[in-house]
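See below for the structure under consideration.
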Amino acid sequence: MFKVSFDPGDGLSVDEAREVAGRLGLEDGLVEEMAGLLQKLARCFLDTDASLAEINPLVRTTDDSLLALDAKFSFDDNALFRHPELVEYRDPAEEDPLETRAAKFGLSYIKLDGEIGCMVNGAGLAMATLDIIKHFGGEAANFLDVGGGATTEKVTEAFKIILEDSDVKAILVNIFGGIMKCDVIAEGIIEAAQTIELRVPVVVRLEGTNVERGRELLAGSGLDLISAPGLPEAVESVVAQAKGGADS
């Protein structure tokens, strides 16, 4: 694997493209063709605000030319407002319906293969939560970030989306309140539980802004929720609940 960094302001230069092409062991004529192809690929990547631009496979034909047989592009959703021509190619039928639905509510949701549903605020905390679930012997069923300014409506919708995954055996709510206040999350949990059927155990770990008020709301709700004082305790509990649910 060969890596070359280039300045996105200038694009991939001729020399940089030739450097990569030259490492492939191609004849001089094909080096120039390959360098030109790489420059075009880099320009396409930059002009479309792509996060990935890949040609695979690239073949050498019998008449000694290069031909891209297939390509894959991923685009930055946050930049699509600048590229209406790309949005026109979007096919919702090719996307996960839960991910599409989550996006409409400003939720970042990705379906995974485990059994523990996760609702977390902040992408960094969400990734750390997935890691610690794995550490304690569980597998996350999803990545779901409710963001820093989630409303009760968003929290309720997040629960609905998680529960539509039939693989989910238990749910972990892990909230560190900064911008997001713990009492708002608590109100969302209570409203969700009152409007939809929570068919699996729910373990809640709250910490941060208005945490005491949030815990009071949950404790006084009369709902069958499992409150945990810290993240290790919460994860141990939800893993045990998920395994118990799977065995029952």
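Any read-out appearing in this document is the output of simple, stated calculations on the displayed coordinates, not a laboratory observation. Not measured: the values here are computed from a predicted model. Virtual Cβ from ideal backbone geometry, glycine too; neighbours counted across all protein chains shown.
Once you put a point 7 Å from the Cα of residue 233 and another 7 Å from the Cα of residue 32, both along the Cβ direction, what distance in nm separates them?
7.2
Can you tell me what the convex hull of the Cα atoms of region 96-247 projects to on average, as an area in nm²?
Over all viewing directions, region 96-247 projects a mean Cα-hull area of 7.6 nm².
With springs only between Cα atoms under 10 Å apart, run a GNM on the chain and tell me which of 70, 165, 183 wobbles the most.
Checking each option, the largest mean-square fluctuation is seen for 70.
Summing -39500 (n - 2.57) over the DSSP H runs of n ≥ 4 in the chain and dividing by its residue number, what mean residue ellipticity at 222 nm do you reach, to the nearest 500 deg cm²/dmol?
Values: 9 runs with 106 residues, N = 248.
Rounded to the nearest 500, the figure is -13000 deg cm²/dmol.
Beta carbons within 10 angstrom, averaged per residue: use that to sort the peptides 117-125, 82-90, 189-197, highest first. Working shown, then result.
Values: 117-125: 20.8, 82-90: 10.7, 189-197: 16.6.
Descending mean neighbour count gives 117-125, 189-197, 82-90.
Would you calculate the separation in nanometres between label points at residue 7 and residue 61, each defined as 7 Å from the Cα along the Cα-to-beta-carbon direction?
Taking the two extended label points, one gets 3.6 nm.
Got a sec to turn the phi values of region 43-58 into Karplus ³J(HN,Hα) couplings, 6.51 cos²θ - 1.76 cosθ + 1.60 with θ = phi - 60°, whole Hz, x for Gly and Pro?
Rounded to whole hertz, the list is 5, 5, 4, 6, 5, 9, 6, 6, 9, 8, 9, 9, 9, 6, x, 10.
For a 23 Å ceiling on Cα separation, which of these pairs sit above it: 3/40; 104/169; 111/169; 104/160?
Check vs 23 Å cut-off fails for 104/169.
Just tell me which aspartates and glutamates come within less than 19 Å, Cα to Cα, of residue 72; anything on the same chain fewer than 8 places away is out.
47, 49, 54, 85, 88, 91, 94, 95, 96
Give me a comma-separated list of calculated 3J(HN,Hα) values for region 223-240, in order, Karplus coefficients 6.51, -1.76, 1.60 applied at θ = phi - 60°, integers in Hz, x for any Gly or Pro.
With the stated coefficients, region 223-240 comes to 8, 8, 10, 9, 9, 10, x, x, 5, x, 5, 5, 5, 4, 5, 5, 5, 5 Hz.
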